[in-house]
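The values are calculated or read from the model by the stated rules, or taken from the named source; none is laboratory data. Note that the coordinates shown come from a computational prediction; the quantities given were computed from them, not determined experimentally. Cβ atoms come from the backbone with ideal geometry, glycine included; neighbour counts cover every protein chain shown.
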């Protein structure tokens, strides 16, 4: 896979917790000083429940109607009783006097001033963290107390339903090369049907250089596919077969998938057709390749092996949230990557409409916003992308955007990080007028930029 090389790496975004039912209950003794989850009346629950709470509290087979655990979760804090201290006595038996209090106060003042001078920034950062710690602890306790309250059979049935809903849309691919009729190792892969009229999305490396491409459907029908178009930067390609009565997959939203979400990978590893494996989302916004730091891939621990390439990664509703593309290292180690559906949908639309991909161009080099930058500019969070460089004469430069500006919003979309800005720019059609909201010298500014066309030699 290739990707533009002008950008710098960024750490993955944090994600919200997501409820996950299992077959056992973890019992914990109350911990003094730690928030504890209790339940109030049913009338107070609706306004307090998060999506994770609604999932955990919904009764099996009753949809959204019943709540087996009525009430919302609130936080109580147990505080240990204050310990009374006895006055300290001198060796002679008298209570020590406070004659040295002046000296003690003077020393304390010096230590306090020095501590604030050297530790001030660290203390501010610790305070920012502690402001969210209470919420995290409450969510943790809520999850622990509710694990295992759904039957294991419900979980098993859900897994089966996901597999049944997706497998008819997954195909096996044999790419024949060199005119020999021989299938190369990297020519064995998978694909996913995305339309009733025969468009199939797969990895570009699966069909690269193929003389002919054979497709086998779930019902064992076989067809010869034509290559509609390919995109090396995203490692995606689009095929077309002439076949009736196809069942297409449904797109999901990779932006709404969180770390810890259950996912399924379906494909033909080593030729074993329609193999289903499961795991979780292990990370988001991963580069996948250290040579391409601007790549933004989903990381999963679902078993993905040679032959899985091009197959779908789906969520708990059977929706495609990614296209499996690579593994880490020479063999499976529980670290694999998928092109997010946000990117895959853009590539699919471009290839299906005109057979090639046209990307937007802003002409900037964005980097992540650091804690020190947020503190200096008094930003409420670390969202956005700081521009370390603006190419002279590029669309951003013409719009008055300059180095060290922090872009916070792209039209009506909040910019999450520098990789998000890159994706927003490249998925905007050239000559589109975009309103950009940015921070410069601590002040908010709004400007408009006409997106250009990314140069062909830029990767």
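Quick notes
- The lone exception for residue 351 - which of (1) at pLDDT 95 or above; (2) in contact with a helix residue (DSSP H, G or I) (Cβ under 8 Å, 6 or more places away or on another chain) it fails: (2)
- Matching residues, segment 298-324, being buried (at least 22 other Cβ atoms within 10 Å of the Cβ) and either in contact with a helix residue (DSSP H, G or I) (Cβ under 8 Å, 6 or more places away or on another chain) or not assigned by TED's automatic domain parsing to the domain that holds residue 159 (or both): 298, 304, 307, 308, 309, 310, 312, 314, 320, 321, 322, 323
- Filter pass, residue 385 being in the same structural domain as residue 413 (by TED's automatic domain parsing), free of Cβ contacts under 8 Å to residues at least 24 places away in the same chain, more than 30 Å from residue 272 (Cβ to Cβ) and surrounded by 18 or more Cβ atoms within 10 Å (Cβ to Cβ): no
- Residues in segment 388-398 that are crowded, with 17+ Cβ neighbours inside 10 Å and over 25 Å from residue 287 (Cβ atoms): 395, 397.
Table: residues versus (1) touching a helix residue (DSSP H, G or I) at 6+ places or on another chain (Cβ under 7 Å); (2) assigned by TED's automatic domain parsing to the domain that holds residue 266; (3) modelled with pLDDT of 90 or more.
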residue	(1), (2), (3)
126	no, no, no
130	no, no, no
141	no, no, no
160	no, yes, no
174	no, yes, yes
177	no, yes, no
189	yes, yes, yes
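- Residues in segment 259-272 that are farther than 18 Å from residue 161 by Cα and surrounded by 18 or more Cβ atoms within 10 Å (Cβ to Cβ) were compared, and the one that is modelled with the highest pLDDT is 259.
- Yes/no for residue 358 being surrounded by fewer than 19 Cβ atoms within 10 Å (Cβ to Cβ), in contact (Cβ under 8 Å) with a residue 60 or more places away in the chain and within 23 Å of residue 429 (Cβ to Cβ): yes
- Test for residue 278: is it within 19 Å of residue 308 (Cβ to Cβ), in contact with a strand residue (DSSP E or B) (Cβ under 8 Å, 6 or more places away or on another chain), buried (at least 19 other Cβ atoms within 10 Å of the Cβ) and touching a residue at least 40 places away in the same chain (Cβ under 8 Å): no
- Filtered by the rule that a residue be in a loop (DSSP other than H, G, I, E, B), touching a strand residue (DSSP E or B) at 6+ places or on another chain (Cβ under 6 Å) and either buried (at least 21 other Cβ atoms within 10 Å of the Cβ) or at positive phi (or both), segment 235-251 gives 235, 241, 249.
- Matching strands (runs of 3 or more DSSP E) fully within segment 399-459 where at least 1 residues are under 18 Å from residue 346 (Cβ atoms): 406-410, 433-440
- Qualifying residue in segment 208-224 (condition: in the same structural domain as residue 350 (by TED's automatic domain parsing), closer than 14 Å to residue 312 by Cβ and outside any strand (DSSP E or B)): yes
- Residue count for segment 413-459, restricted to those that are surrounded by fewer than 17 Cβ atoms within 10 Å (Cβ to Cβ) and within 18 Å of residue 382 (Cα to Cα): 8.
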